[in-house]
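The values are calculated or read from the model by the stated rules, or taken from the named source; none is laboratory data. These figures come from a predicted structure and were not determined experimentally. Cβ placement follows ideal geometry from the backbone for every residue including glycine, while neighbour counts extend to all protein chains displayed. Side chains are part of the model used for accessible areas, which takes the heavy atoms of the whole protein and leaves out ligands, DNA and RNA. Shrake-Rupley method; radii C 1.70, N 1.55, O 1.52, S 1.80 Å.
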Amino acid sequence: IDHGKSTLVRALTGVDTDRLPEEKRRGISIELGYAFLDTPDGGRIGFIDVPGHERLVHTMLSGATGIDHALLLVAADDGVMPQTREHLEIVELLGLDRAVVALTKTDMAAPSRVAEVEAEIAALIAPTALAGAPVFPVSAITGAGVARLEAHLRARAAETRARAGDGPFRLAVDRAFVLQGAGVVVTGMALDGAVRVGDEVIVSPSGLDARVRSIHAQNRKADVGRAGERCRSEEHTSELQSR
């Protein structure tokens with residue numbers, strides 16, 4: 001918490017992912033935040049801004065599930081903290097081996113302190129699957145290092161292969177709510193397969209049937225949502241709407 005995740009995402013994408021009044025008031029992320037960065041080839045890099053508070057680890061886990069690449073943040077003033085270690089353990093448990101580390105708030109620390117924390121980070125990730133991940137000292141306030149980090153993320157995104165879309169569709173739902181006039185809306189990461197407008201799906205574990213009325217993939221209206229994409233789907237089922 002307070003290592004500048006939301007501020008860095010805003011510097012990279014221009015999107016403020018802290019949208020709730022309580023998040024603004026307390027200055028912390030409580031729910032998952034989403035932002036997107038367009039690429040020259042017409043693609044999109046999706047960012048999921050997860051909470052850093054120890055009591056919101058379940059929310060962090062729901063946001064990290066299904067991602068291709070981790071962006072781990074360590075602030076230059078605080079250094080490696082207990083929550084840094086816990087989030088790193090979660091990333092490892094999820095089987096992620098692609099990552100980059102942003103050493104944030106470099107404008108608030110002396111060069112000697114920045115070098116000290118950089119050494120802490122190297123020691124932290126050395127025994128993990130993320131050993132050797134590049135570290136980018138940045139300041140989201142002054143902009144120092146942000147362009148280099150963005151260029152690196154764009155390069156990594158270009159190397160990421162599209163996931164196979166020929167298996168059964170699975171969406172890891174992290175939010176569900178009823179929107180008046182639209183029905184039930186679910187959001188999450190598409191883990192496998194593909195879904196199209198008009199498809200019938202099964203809501204697990206309840207076993208309820210639903211029909212997909214509309215899809216947003218990577219924050220754009222779409223006819224198809226595919227594995228690896230961040231999706232929002234509006235579904236119709238009278239049983240779901242009554243809950």
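Observations
- Residue (of GLY4, LEU61, VAL195) at the positive-pole extreme of the chain, dipole from beta-carbon charges: VAL195
- Assuming charge only on the beta carbon of Lys and Arg (+1) and of Asp and Glu (-1), the dipole of the stretch 123-243 about its Cα centre is about 400 debye to the nearest 20.
- Accessible area (Å², 1.4 Å probe, nearest 10) - GLU31: 70
- Considering helices alone, the calculated mean residue ellipticity of the chain at 222 nm is -8000 deg cm²/dmol, with DSSP H runs of length four and up weighted by -39500 (n - 2.57) and normalised per residue.
- Estimated FRET transfer efficiency (ASP223, ALA158; beta-carbon r; R0 25 Å; 0.05): 0.50
- With K and R counted +1 and D and E -1, the other residues having a Cβ less than 9 Å from that of SER6 yield a net charge of -2.
- Theoretical FRET efficiency, 1/(1+(r/R0)^6), r = Cβ-Cβ of GLU86 and THR39, R0 30 Å, to 0.05: 0.45
- Mean separation of Cα contacts under 8 Å (6+ apart) over length of the stretch 8-136, as relative contact order %: 18
- Between the Cα long axis of helix 146-159 and the first principal axis of the chain there is an angle of about 50°, rounded to the nearest 10.
- Percent accessible area from carbon and sulfur atoms, the stretch 135-180, protein chains only, probe 1.4 Å: 55
- The stretch 82-179 - percent relative contact order, Cα under 8 Å, separation 6 or more: 26
- Here the Karplus relation 6.51 cos²θ - 1.76 cosθ + 1.60, evaluated at θ = phi - 60°, turns the backbone of the stretch 56-70 into coupling constants of 10, 4, 4, 6, 4, 5, 5, x, 7, 5, x, 6, 9, 8, 9 Hz, with x for every Gly and Pro.
- Under the convention that each Lys and Arg Cβ holds +1 and each Asp and Glu Cβ holds -1, the size of the dipole of the chain around its Cα centre is about 520 debye.
- Calculated on C-alpha atoms, the gyration radius of the chain divided by its Kirkwood radius gives an Rg/Rh of 0.99.
- The mean sequence distance of close C-alpha pairs (under 8 Å, at least 6 residues apart), as a share of the length of the chain, puts its relative contact order at 14 percent.
- Cut-off 14 Å between beta-carbons: net charge of the residues surrounding LEU96, Lys and Arg +1, Asp and Glu -1: -2
- For the stretch 172-187, backbone phi angles converted through the Karplus equation (6.51, -1.76, 1.60; θ = phi - 60°) give residue-by-residue couplings of 7, 6, 10, 8, 8, 7, 9, 10, 4, x, 10, x, 7, 10, 10, 10 Hz, Gly and Pro being listed as x.
- Within the stretch 1-126: Cβ-based charge dipole about Cα centre, in debye rounded to nearest 20 (Lys, Arg +1; Asp, Glu -1): 280
- Net charge of the neighbourhood of VAL212, taken over other residues with C-beta under 9 Å away and scored Lys/Arg +1, Asp/Glu -1, is -1.
- With protein chains left intact and a 1.4 Å probe, residues in the stretch 70-212 average 52 Å² of accessible area per residue.
- Selection from ALA115, ALA147, PRO40, by position along the positive dipole direction of the chain (Cβ): PRO40
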